[in-house]
1. Just to confirm the filter: which GluC sites (Glu not before Pro) across segment 1-97 are DSSP coil and have at most 14 other Cβ within 10 angstrom of their Cβ?
2. Please tell me the relative contact order of the chain in percent, rounded to the nearest whole number, where contacts are Cα pairs under 8 Å and at least six residues apart.
3. Once amide H atoms are built 1.01 Å from N in the peptide plane, which residues 5 or more positions from GLY42, or in another chain, come under 5 Å H to H?
4. Near PRO23, within a Cβ-to-Cβ distance under 9 Å, what is the net charge of the other residues, with Lys and Arg +1 and Asp and Glu -1?
5. Ignoring ligands, DNA and RNA, please state the percent of accessible area on the chain from carbon and sulfur, probe 1.4 Å.
6. I want to check the label-to-label distance for GLU6 and ARG25. Put each point 7 Å from Cα in the C-beta direction and report it in nm to one decimal.
7. In sequence order, what are the phi-derived ³J(HN,Hα) couplings for segment 75-86 according to the Karplus relation 6.51 cos²θ - 1.76 cosθ + 1.60 with θ = phi - 60°, rounded to whole Hz, with x for glycine and proline?
8. Can you work out the Karplus-derived ³J(HN,Hα) for every residue in segment 36-52? Use 6.51 cos²θ - 1.76 cosθ + 1.60 with θ = phi - 60°, whole Hz, and x for glycine or proline.
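The values are calculated or read from the model by the stated rules, or taken from the named source; none is laboratory data. None of the values given here were measured: they were computed from a predicted structure. Positions of Cβ are generated from backbone atoms using ideal geometry, with glycine treated the same way; all protein chains shown enter the neighbour counts. Each accessible area value is taken on the protein alone, full model and side chains, heavy atoms only, with ligands, DNA and RNA left out. Shrake-Rupley method; radii C 1.70, N 1.55, O 1.52, S 1.80 Å.
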Amino acid sequence: MEVEREITIEAPPEEVWEALVEPERLEEWFANDVELDPRPGGEGTFRWDDGEERHAVVREVEEPRRLVLDWDDDGQVVIELEEVEAGTLVTVTETAPDFATALELHACAWTRVA
């Protein structure tokens, strides 16, 4: 199963990048409690108020253009940033071996970023 979402954010890629890799910024729009070491091989833990918790390992980092996380359920999220006239085009592709409500919820979180 794969979910892809694109959104344009009225901010430069460097600012959007900070919102993707700084735990305090991720807590503003993605999860309620975040721990993230944004280096290849670094680990991340994402917790939501409903009790859901997901763990990830950072596979790739190309600052400020590309971030790839491998989820603990064998899923993966690829986040790519591209500077465009209106700001930054963010493309998120999340894959999972089986459809998970989490995929849809995480895709919806991107609508809150803007």
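1. Passing sites in segment 1-97 are GLU10, GLU52, GLU85.
2. 31 percent
3. VAL58
4. -4
5. With neighbouring chains kept in place, the figure for the chain is 43 percent.
6. 2.2 nm
7. Whole-Hz 3J(HN,Hα) from phi for segment 75-86: x, 8, 10, 10, 10, 10, 10, 9, 6, 10, 4, 7.
8. Coupling constants for segment 36-52: 8, 9, x, 10, x, x, x, 10, x, 10, 10, 10, 10, 4, 7, x, 5 Hz.
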